[in-house]
1. Taking region 13-52 only, how many residues are farther than 21 Å from residue 165 by Cβ and of a type in the set (Ser, Thr, Tyr)?
2. Is it the case that some residue within region 140-163 is in contact with a Leu (Cβ under 8 Å, 6 or more places away or on another chain), in contact (Cβ under 8 Å) with a residue 40 or more places away in the chain and either surrounded by fewer than 17 Cβ atoms within 10 Å (Cβ to Cβ) or not in a helix (DSSP H, G or I) (or both)?
3. State all residues of region 45-74 that are loosely packed, with under 14 Cβ neighbours inside 10 Å and acidic (Asp, Glu); if no residue qualifies, say none.
4. For region 84-103, how many residues meet the condition of being in contact (Cβ under 8 Å) with a residue 60 or more places away in the chain and either surrounded by 13 or more Cβ atoms within 10 Å (Cβ to Cβ) or farther than 23 Å from residue 64 by Cβ (or both)?
5. Would you pick out the residues in region 56-77 that are more than 18 Å from residue 195 (Cα to Cα), in contact with a helix residue (DSSP H, G or I) (Cβ under 6 Å, 6 or more places away or on another chain) and small (Gly, Ala, Ser)?
6. Could you please let me know if residue 89 is assigned to a helix (DSSP H, G or I), within 18 Å of the chain's Cα centre (by Cα), modelled with pLDDT of 85 or more and among the aromatic types (Phe, Trp, Tyr)?
7. Look through 177, 114 and report the one residue that is modelled with pLDDT of 95 or more and among the β-branched types (Val, Ile, Thr).
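The values are calculated or read from the model by the stated rules, or taken from the named source; none is laboratory data. It should be emphasised that the depicted structure is a prediction, and the values quoted were computed from it without experimental measurement. So basically every Cβ, Gly included, is an ideal-geometry build from the backbone, and we count neighbours across all protein chains shown.
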Amino acid sequence: MAIDSFLFQLMYTASAALLYPVVILLLLAVATSLGLIGEFISEYAKRHRNVRELEKVGRSVQESVKASSLDNAAEKLHSLDQNQLVTSFAKDAGDYLKQNSVSSIDWLSEEYEVRMTKRLEQTKILSTVAPMLGLMGTLIPLGPALIGLAQGDILQLANNLMIAFATTVLGLFAGVVGYVLTLIRKRWYWQDMADIDYLVDSMGSEQ
């Protein structure tokens, strides 16, 4: 029994010691989610997609590449004004065309795909980890709360329950923000990737 009591006490002490790190991480998660909301609003305000312009530039680039006029194709790409990632890709691709390095365009498109995936990882991690931290922050104070209940210490019970409920709310808030931003950005980046693939095809880098 002495060994059991020691192990149980050790487990309780270890779990209780995790409360402050969990609370700190939760506060960081909430701060991160607020920052991501601001970043999302800024990104939304800057998004601009003109399908007609994209098709026009794509056809012009295709004709220029077929005519071996890579400098002209590069100028067309540099003039493209679309969503930030698509515009950035077009400028980088234009630089490769000026260097007569058409074979590098496929590699460049894959690099942009990796970049989009990396931008999604932050909100994915937030949407997964924040609720877990909230659950930990809920369960850890329940031990002291039950002890307070058994001892008739209502103040200890109330304080620990307040911590438990607060961490639950914070974890769910950060998780919801991460989940919603991930869904919306995933749709955005799929659209951007489709536009990039169209430009890649217009340059005939796969031919």
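1. Of the residues in region 13-52, 4 are farther than 21 Å from residue 165 by Cβ and of a type in the set (Ser, Thr, Tyr).
2. Yes, region 140-163 has at least one match.
3. 55, 71, listed by residue number.
4. The first filter runs over region 84-103 and keeps only residues in contact (Cβ under 8 Å) with a residue 60 or more places away in the chain, leaving 85-86, 89-90, 93, 97, 102-103.
Next, from what is left, pick out any that are either surrounded by 13 or more Cβ atoms within 10 Å (Cβ to Cβ) or farther than 23 Å from residue 64 by Cβ (or both): 85-86, 89-90, 93, 97, 102.
The total comes to 7.
5. Correct list: 64 only.
6. Working: assigned to a helix (DSSP H, G or I): yes; within 18 Å of the chain's Cα centre (by Cα): no; modelled with pLDDT of 85 or more: yes; among the aromatic types (Phe, Trp, Tyr): yes.
The answer is no for residue 89.
7. Numbers: 114 fails: modelled with pLDDT of 95 or more.
So the residue among 177, 114 that is modelled with pLDDT of 95 or more and among the β-branched types (Val, Ile, Thr) is 177.
Listed here are the residues, each with its yes/no results for (1) within 20 Å of the chain's Cα centre (by Cα); (2) among the aromatic types (Phe, Trp, Tyr); (3) assigned to a helix (DSSP H, G or I); (4) surrounded by fewer than 18 Cβ atoms within 10 Å (Cβ to Cβ).
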site	(1), (2), (3), (4)
76	no, no, yes, no
82	no, no, no, no
123	yes, no, yes, no
127	yes, no, yes, no
134	yes, no, yes, no
